[in-house]
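Below is one structure, written out as structure tokens; comments come after it.
The values are calculated or read from the model by the stated rules, or taken from the named source; none is laboratory data. Quick caveat, the model's predicted, so the values are computed rather than measured. Glycine gets a Cβ as well: all are built from the backbone with ideal geometry, and neighbour counts include every protein chain shown. For accessibility, only protein heavy atoms count, side chains too; no ligands or nucleic acids. Shrake-Rupley method; radii C 1.70, N 1.55, O 1.52, S 1.80 Å.
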Number of protein chains: 2
Amino acid sequence: MSASAALEVFHAAALVHDDLIDNSDTRRGAPSAHRVFESRHADSAWAGSAPDYGRATAVLLGDLLLGWSDELLDDGLAALPTQAARAARLEFNRMRTEVTVGQYLDILEERAWVAMPDDAQRERAERVVVFKSAKYSIEAPLVIGGAIAGGSPAELDALRAFGLPLGIAFQLRDDLLGVYGDPSVTGKPAGDDLREGKRTVLVAIARERLSSPERQLLDDLLGDPDLDEEQVRSLQQALRDCGAVDEVERIIAMRTEEANRALEAAKLDRDASIALADLAGAVTRRVS
Amino acid sequence: MSASAALEVFHAAALVHDDLIDNSDTRRGAPSAHRVFESRHADSAWAGSAPDYGRATAVLLGDLLLGWSDELLDDGLAALPTQAARAARLEFNRMRTEVTVGQYLDILEERAWVAMPDDAQRERAERVVVFKSAKYSIEAPLVIGGAIAGGSPAELDALRAFGLPLGIAFQLRDDLLGVYGDPSVTGKPAGDDLREGKRTVLVAIARERLSSPERQLLDDLLGDPDLDEEQVRSLQQALRDCGAVDEVERIIAMRTEEANRALEAAKLDRDASIALADLAGAVTRRVS
């Protein structure tokens, strides 16, 4: 329970910093942390800039949550045999470094893609998916849980073989929801990823398929924070018409299939297998 | 050695985030982290805003360093008896939370002081000193070292009784250097704290001593990022003429004396006592 709480609080820290970095106004249908503090400043007769105060507070709130996640994990691991505790801690540490580096690759890619060869963009976008999200959202939590339960190296490897492709499918679904998701369900404005200019696998595939003038239009619009609804709809249409959405759906199906095959090969006990198969269905077919 | 490295890397994380929060251009005579990454963006033909990229990267770099400081500490504590390791870890955890909350109180005070009663400002400024700096810079590292060495509760209390007043003296010296320090020695622009609008104990004491029109002028200038050299000099003069600088020097001397008395009462071994007395002299008389 403490280890789960540690992962949840770590995730909260990442979201607070992520919303700050992406300049997102909302999270789960409510104002993002930096906006909450910005409003608090604006509602008081305080000195200085409200946005600066919001940003500064969000940096510190994320730092506080990072520290607390670490303490929660230690509390959870304290009662375990040394070897299980050590394996779980190493996996948590690896996750913490990898997701931070993955986030960096993501923001780097948003900016540096213009200076990269066109034919490298899909591979670079896939690398972001693996580090920013796939390992962190599914693989690492499963392996941490497995290590806490005293899983053998072979069992932990089986969880990895299931978790990584499923995590990739999870993030590709997230990318589609970032462009096509229903704001009333996702809690984020429609087309948020288009205004933010995220260089997702979806975008990389579309750029391979579009004609040169269409690709130029995509590049011009993507990342413009002032896109209006009409422009968002036209981008949504262009990404669909070139077949990129179908291609991403195909990869999601393939990765999910890969995860399910790994699960069958793993020979885990029946209850665990059913729970993990349910998880695979839930994260790849979700709408929010 | 690993524990010392953990503290150093934690400190680096705090500085990266602190410079971002304070919008500082330089650190130790070189560009601050967010400015380094901002320049890297500006020097490349990348998309998007260079300052946004600099800020985002500094958030993530600080996060990465926070995680690594934690791993270094674990490495250092792994070989210790359980009780010593646990005591050192608890002190580190407490420090991590307290310094983050102290940083928050600092940025809150910079903005909220206008809405606070005048007679509470000195006490509020002293609270910032204790949490943002005094415990973190001297007390916690000493107690962590003491715990690692297997110090008794009484010995750790003695280190606290020495470390806290010395940490307060250290930060008050820092506040004076932030206003009067020589840029070629401190590595920061002259009057940086005045442009930033830090609500230090020095400023709180000056506000108690200045006439109403002088106080108004101080409040108008302090925190203006565009202060010119002439205005910086006039603020330096006003803080000195009202006796606030002398009063801060008096408190520094009193706190240093308090630390030294605690050191004498502690009956530590001779080498440790000499090293700590040297430390007390160094941190309170430093010029950078």
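Just so you know, the Rg over Rh for segment B:1-108 is 1.08, from Cα atoms, with Rh as the Kirkwood radius. Here is the interface size for B with A: some 3400 Å² of accessible area buried, both sides summed, with a 1.4 Å probe.
Applying 1/(1 + (r/R0)^6) with r as the Cβ-Cβ distance of A:R94 and B:R127 and R0 = 35 angstrom yields a FRET efficiency of 0.35. Spin-label model, B:V101/A:E264: points 7 Å from Cα along the beta carbon direction are separated by 5.5 nm.
Taking 7 Å steps out from each Cα toward its Cβ at A:Q83 and A:D25 produces label points 5.5 nm apart. In the context of the full set of protein chains, segment B:1-79 has a per residue accessible area of 42 Å² (1.4 Å probe).
A straight chain from A:A120 to A:A154 at 0.36 nm per residue would run longer than the Cα-Cα distance by 8.8 nm.
Straight-line cross-link partners of A:K267 among the lysines, defined as a Cα under 23 Å from its Cα and at least 8 positions apart when in the same chain: A:K135. Inter-copy label distances at A:R209, shortest first and taken from points set 7 Å along Cα to Cβ: 7.3 nm.
Just the protein heavy atoms count here, and of the accessible area of chain B at 1.4 Å, carbon and sulfur take up 53 percent.
Work out, step by step, the length gained on full extension between B:E249 and B:A45: first 0.36 nm times the residue separation, then minus their alpha carbon distance; give nm to one decimal. Show your work: numbers first, answer last.
On the way: separation 204, 0.36 × 204 = 73.44 nm, distance 5.10 nm.
Roughly 68.3 nm would be gained on extension.
Quick query: amide H of A:R27 versus all other amide H atoms, modeled in the peptide plane; which residues come in under 5 Å with a sequence gap of 5 or more or a different chain? Result for A:R27 returns A:S32.
Pairs of Cα atoms nearer than 8 Å and 6+ residues apart set the relative contact order; for chain A it is 18 percent.
Longest exposed-loop-site-free stretch of chain A, with trypsin sites (Lys or Arg not before Pro), DSSP loop and at most 11 other Cβ within 10 Å? Show your work: numbers first, answer last.
Values: sites that count: A:R28, A:K267.
Within chain A, the longest run free of exposed trypsin sites (Lys or Arg not before Pro) spans A:29-266.
Over segment B:133-199, give the accessible area per residue in Å² for a 1.4 Å probe, as an integer. The partial results should precede the final answer.
On the way: 2210 Å² over 67 residues.
Each residue of segment B:133-199 exposes 33 Å² on average to a 1.4 Å probe.
Secondary-structure-derived ellipticity at 222 nm for the protein assembly as shown, considering helices only, amounts to -24500 deg cm²/dmol, per-run term -39500 (n - 2.57) for DSSP H runs with n ≥ 4. Placing unit charges on the Cβ atoms only, positive for Lys and Arg and negative for Asp and Glu, gives segment B:26-171 a dipole magnitude near 140 debye about its Cα centre.
For chain B, build the convex hull from the C-alpha positions and give me its volume per residue in Å³.
142 Å³
Dipole check for the protein assembly as shown: with +1 at the C-beta of Lys and Arg, -1 at the C-beta of Asp and Glu, and the Cα centre as origin, the magnitude is about 1220 Debye. Label-point distances for A:D226 to the equivalent site in the other copies, using a point 7 angstrom along Cα→C-beta, read 2.4 nm when ranked shortest first.
Reducing segment A:265-282 and segment B:151-222 to their Cα centroids gives an inter-centroid distance of 59 Å.
Placing a label point 7 Å from Cα along the Cα-to-Cβ direction at A:A272 gives distances to the equivalent points in the other copies of 4.8 nm, listed shortest first. Label-to-label distance for A:A272 and A:R209 is 3.9 nm, based on points extended 7 Å past Cα in the beta-carbon direction.
For B:Q216 and B:R233, the difference between the fully extended length at 0.36 nm per residue and the C-alpha to C-alpha distance is 4.4 nm. Please say if segment A:160-204 is rounded, prolate or oblate, where rounded means a/c under 1.5 for a ≥ b ≥ c the square roots of the C-alpha gyration tensor eigenvalues, and otherwise the choice is prolate for a/b larger than b/c and oblate otherwise? Taking the square roots of the gyration eigenvalues as a ≥ b ≥ c, segment A:160-204 is oblate. Taking max minus min of the alpha-carbon positions on each principal axis, the protein assembly as shown gives extents of 74, 56, 39 Å, largest first.
Averaged over peptide B:95-107, the number of partner chain Cβ atoms lying within 10 Å of each residue's Cβ comes to 4.
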